[in-house]
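For reference, the structure is listed below as structure tokens.
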Amino acid sequence: MNSKIKIIECPRDAFQGIEEFIPTKLKIKYINQLLKVGFHTIDFGSFVSPKAIPQLNDTAEVLRSLNLHNSASKLLSIIANYRGANQACMFEEINYLGFPLSVSEEFQKRNTNKTISEALDSLQEIQNLCIQKNKNLVVYLSMAFGNPYGEEYDPEIVSELTYKLKTIDVKTIALSDTIGASNPQNISPIFSSLITEYSEIEFGAHFHTNPDTWKEKVDSAFQNGCRRFDSAIKGLGGCPMAMDDLTGNMPTEKLISYFSDQLDLNIVEFNKSLQLSEVVF
């Protein structure tokens, strides 16, 4: 297991929940500032239907103006189907393609207009494309800790989906708490069992949280082997496909405080990012 802490900063997740269109130039300025901090990855945009997420219909334009020359950060783009994956693969600058696969049938339909079975078929085609184009596929297992739709939830479903993803050679899976349902009681066993059983897969944590529960979530995942954490400055954002009353993303500043002695970040540039977020959001 890689012991280095990876923070995946998610301005895309913060952007997409804002109804009023954020000017493209401001997005570019913000992401370029984040690129100076030293995050492992920036989840910067998505190639999905503009009707679904109109806020992100300028992803290609944003990408063309990013200053990547002096940054070690990698870029991740969200895709929801083969067409989006093909678009993302046209850009050499993009390292990772992120696909949302849900433990919940209802959420899968809302998010990608597919059943779980159809999404898995699509993932096989997308993975073949990623291998061909030298991209890395990251699968987000959303609703990994429960769902708001009254559907039956069992951690075994997460394990079964992980096995299916292993068969198509997916190397990175982010367990995603879309509605803030995670707690130490369900975080600890699922990370412990999956990391033990699938040592060849990197498991990440994409938690949504409220201000009172962030630390217990991070602590439970970290103590059970997780070293990859998604976050957004000030906890901004959420998924517009889930529920109206979403809690926010994991605040990046909280992760930095928790892992302070294990991170190699430029805190001066991070503080500039914090200040700029006031203008963007």
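Descriptive notes on the structure:
- Around residue 23: net Lys/Arg minus Asp/Glu count, Cβ-Cβ under 13 Å: 0
- Computed magnitude of the charge dipole of the chain (debye, nearest 20; Cβ of K, R +1, Cβ of D, E -1): 960 debye
- Applied to region 164-176, the Karplus parametrisation 6.51 cos²θ - 1.76 cosθ + 1.60 on θ = phi - 60° returns per-residue 3J(HN,Hα) values of 5, 5, 4, 5, 9, 6, 6, 9, 9, 10, 9, 6, 10 Hz, with x for Gly and Pro.
- Coupling constants for region 44-59 follow from the phi torsions by the Karplus curve (6.51 cos²θ - 1.76 cosθ + 1.60, θ = phi - 60°), and in residue order they are 9, x, 8, 10, 10, 4, x, 5, 6, 10, x, 4, 10, 6, 9, 4 Hz; glycine and proline get x.
- 172, 167 arranged by Cβ crowding within 10 Å, fewest neighbours leading: 167, 172
- Per-residue [θ]222 nm for the chain (sum of -39500 (n - 2.57) over DSSP H runs n ≥ 4, rounded to 500): -12000 deg cm²/dmol
- For region 28-105 versus region 108-187, the inter-centroid distance based on Cα atoms is 19 Å.
- This ranking places 105, 92, 160 by how few other beta-carbon atoms lie within 10 Å of each, fewest first, which gives 92, 160, 105.
- Simple rule: put +1 on each Lys or Arg Cβ and -1 on each Asp or Glu Cβ in the chain, find the dipole, and look at 10, 90, 279; the Cα lying farthest toward the positive end is 90.
- Computed over the chain, relative contact order equals 22 percent, with contacts defined as Cα pairs under 8 Å that lie 6+ residues apart.
Coordinate-derived values only; no laboratory data. Keep in mind the model is a prediction, meaning the values are calculated, not measured. Every residue, glycine among them, receives a Cβ derived from its backbone with ideal geometry; neighbour counts consider all protein chains shown.
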